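Take a look at the structure set out below.
The values are calculated or read from the model by the stated rules, or taken from the named source; none is laboratory data. Please read these numbers as outputs of a predicted model, since none were measured by experiment. The protein model used for the area step is the full one, side chains on, heavy atoms only, and it has no ligands, DNA or RNA in it. Shrake-Rupley method; radii C 1.70, N 1.55, O 1.52, S 1.80 Å.
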Amino acid sequence: MASDLTTPPEGAAADWTIPQGWDRYTPEEHATWDTLFERQARLLPGRVTPEFLEGLDVLRLSKPGIPDFAELSDRLMAATGWQVVAVPGLVPDEVFFDHLANRRFVSGNFIRRPDQLDYLEEPDVFHDVFGHVPLLTNPVFADYMQAYGRGGQRAAAMGAIERLSRLYWYTVEFGLVRSGDALKLYGAGIVSSYTESVFALEDPSPNRLGFDLQRVMRTKYRIDDFQQNYFVIDSFDDLLDQTLNTDFAPLYAAMADQSDIEIETILPDDRVYTRGTQARVRA
């Protein structure tokens with residue numbers, strides 16, 4: 001949720017937080033949430049990691065309308081010590097990392113228009129809350145998010161934010177996880193998207209590759225379409241372990257002398273779950 005701005009906009013606190021303004025949502029805005037929620041709730045069982053559905057249960061997000069962040073934070077705090085805070089949109093990297101490092105998840109407080117159900121450039125409250133917050137009830141994933149925030153603070157001091165942002169992109173936003181012989185969704189950018197929830201698992205176009213920390217941080221990504229690569233973690237425990245027990249400084253130093261990996265590239269030592277046709281980008 002990075003922004004090029006350096007000072008908070010009018011009405012925002014020094015940490016860029018703002019009141020959610022729940023009472024100001026219109027019936028149409030609540031109805032938009034309900035439409036988005038209902039179709040994802042029908043689509044995701046069997047596709048999404050069970051921890052996500054357990055999180056929906058814990059947060060009781062089946063209640064109609066846009067959630068009240070205060071109530072949501074009470075339940076989340078009881079589960080893992082996290083809370084949800086409203087921000088006016090994208091925030092500077094250092095603000096984003098500081099919130100994560102202190103177990104605060106930043107969320108936009110606006111919701112997309114009814115004609116934007118399937119695509120939105122800037123993350124809204126549905127992406128942020130429905131997509132991200134359920135997994136923050138899982139203790140292991142909650143710890144990973146905090147570890148990422150702390151890692152972001154260190155990366156900023158080393159000039160390596162771009163590298164680390166790719167880790168967020170390919171895990172938190174667009175990650176897949178192995179579940180027995182099957183792959184499941186967990187990335188918020190996928191689970192909040194009706195069309196990408198199907199594409200990420202079923203379409204022959206994208207590569208689905210085993211997760212490797214350095215490989216991921218060298219790999220470009222696209223922001224204007226579905227992903228051409230999805231990286232598959234073995235488990236949240238393994239993802240957390242790698243994040244906590246890896247010295248990132250030598251990785252950043254090594255990558256400074258290495259070229260980026262183009263999006264569709266498959267390397268000889270990649271673990272390949274699916275060798276994609278890349279038909280979507282070649283059409």
Pop out the ³J(HN,Hα) list for region 132-142 in order, Karplus 6.51 cos²θ - 1.76 cosθ + 1.60 with θ = phi - 60°, rounded to Hz; leave Gly and Pro as x. 9, 5, x, 6, 6, 7, 8, x, 6, 5, 4
Just to be sure I understand: with springs between alpha-carbon atoms less than 10 Å apart, which residue in D34, D241, D115 has the highest mean-square fluctuation in the Gaussian network model of the chain? D115
With percent of Cα pairs over 32 Å apart defined as stated, name the option among (i) 43; (ii) 24; (iii) 21 computed from the structure displayed. (iii)
Whose amide H sits under 5 Å from the amide H of V91, counting only residues 5 or more places off or on another chain, with H placed in the peptide plane? A2, S3
I need the phi-derived Karplus couplings for region 98-108: 6.51 cos²θ - 1.76 cosθ + 1.60, θ = phi - 60°, integer Hz, Gly and Pro marked x. 5, 4, 4, 4, 10, 6, 10, 9, 8, 9, x
Could you pull the accessible area for E54 with a 1.4 Å probe, rounded to 10 Å²? 110
Rounded to the nearest 5, the percent of DSSP beta bridges in the chain running antiparallel is 35
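Before I look further, what does region 184-283 give for accessible area per residue, probe 1.4 Å, in whole square angstrom?
46
Using alpha-carbon pairs under 8 Å, 6+ residues apart, how would you state the relative contact order of the chain in percent?
Relative contact order of the chain: 18 percent.
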Report ³J(HN,Hα) in whole Hz for each residue of region 175-188, in order, from the Karplus equation J = 6.51 cos²θ - 1.76 cosθ + 1.60 where θ = phi - 60°; Gly and Pro get x. x, 10, 10, 6, 9, x, 8, 10, 10, 10, 7, 9, x, 5
Just the Cα atoms of region 82-239: what Rg and Dmax do they give in Å? 15.1, 42
Under a no-solvent Debye model with one identical scatterer per Cα of region 1-103, what's log10 I(q)/I(0) at q = 0.16, 0.24, 0.25 Å⁻¹? -0.90, -1.27, -1.28
Could you look at region 1-143 and say what percent of its accessible area is carbon and sulfur, using a 1.4 Å probe and all protein chains? 52
